Amino acid sequence: MFPPLTLKTVRWRPLEGEGLEHLTVRAVEGGIRAESTVIGDRGDGRLYGVHYRIDLDAGWRVRSFRVEETDGSGVAMTSDGEGRWRSESGEPLAAFDGCIDIDLAGTPFTNTLPIRRLGLGPEAGTVRLKMVYVPFDTFSPFPDGQNYTCLDPARRYLYQADDRTFQAELPVDADGFVTDYPTLFARL
């Protein structure tokens, strides 16, 4: 559904407060690597700077990720691509069994992961997923239920929190990358 990707660089800005994300996604041996720097404020005057790297296999399944704040705090995990996760030190993390994708709080990029991986069409209906969610304030991941529905093939998807507390229609470009995230981010 989406073309193979060799290199792509995009930027987003938050719709509230100051900030910027600069993301580069490129093909590497065995898959895809996404690297980004995000700067912003948490809405209470506290500024932050975050760097993340996500390694994906050729099917856009997360194999590892690392998220670090500029002060050195952060989190890293690895996956077998089938929903079994380990800590950076190699300990199994059973709480995340079944999670294929991750969702990083401060970026619209991670919505691209299930969109590209699943290649949903309107006939698929709503797909319920379990994600490894990483908030940028604590870097303490937790499992999070999310739903994706294709509204218009390769152009618009409905994202819904599993608990129905939030939803957004996400327009995407020809590569499946979010162009605008209503109320949160706009692509530059």
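The numbers here are math on the coordinates, done by the rules we state, and not lab data. Given the structure is predicted, the values throughout are model-derived calculations rather than measurements. A quick note on method: Cβ atoms are made from the backbone with ideal geometry, for glycine too, and the neighbour counts reach across all protein chains shown.
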- Return the long-range amide H neighbours of ALA186 (sequence gap of 5 or more, or a different chain), with a cut-off of under 5 Å between placed amide H atoms. ARG13, LEU15, TYR181
- Measuring from its Cα centre, the chain shows a charge dipole (+1 at each Lys and Arg Cβ, -1 at each Asp and Glu Cβ) which, in debye to the nearest 20, is 460
- Item | Restricting the stretch 66-146 to GluC sites (Glu not before Pro) in coil, as DSSP defines it, with at most 10 other Cβ within 10 Å | GLU82
- Message: Could you work out the percent of alpha carbon pairs in the stretch 62-188 separated by over 23 Å, rounded to a whole number?
- Response: 32
- Message: With a cut-off of 8 Å between alpha carbons and a minimum separation of six or more residues, what is the relative contact order of the stretch 42-188 in percent?
- Response: 14
- Task: Lys and Arg at +1, Asp and Glu at -1: add these up for the other residues within a Cβ distance under 14 Å of PRO171 and post the number.
- Result: -2
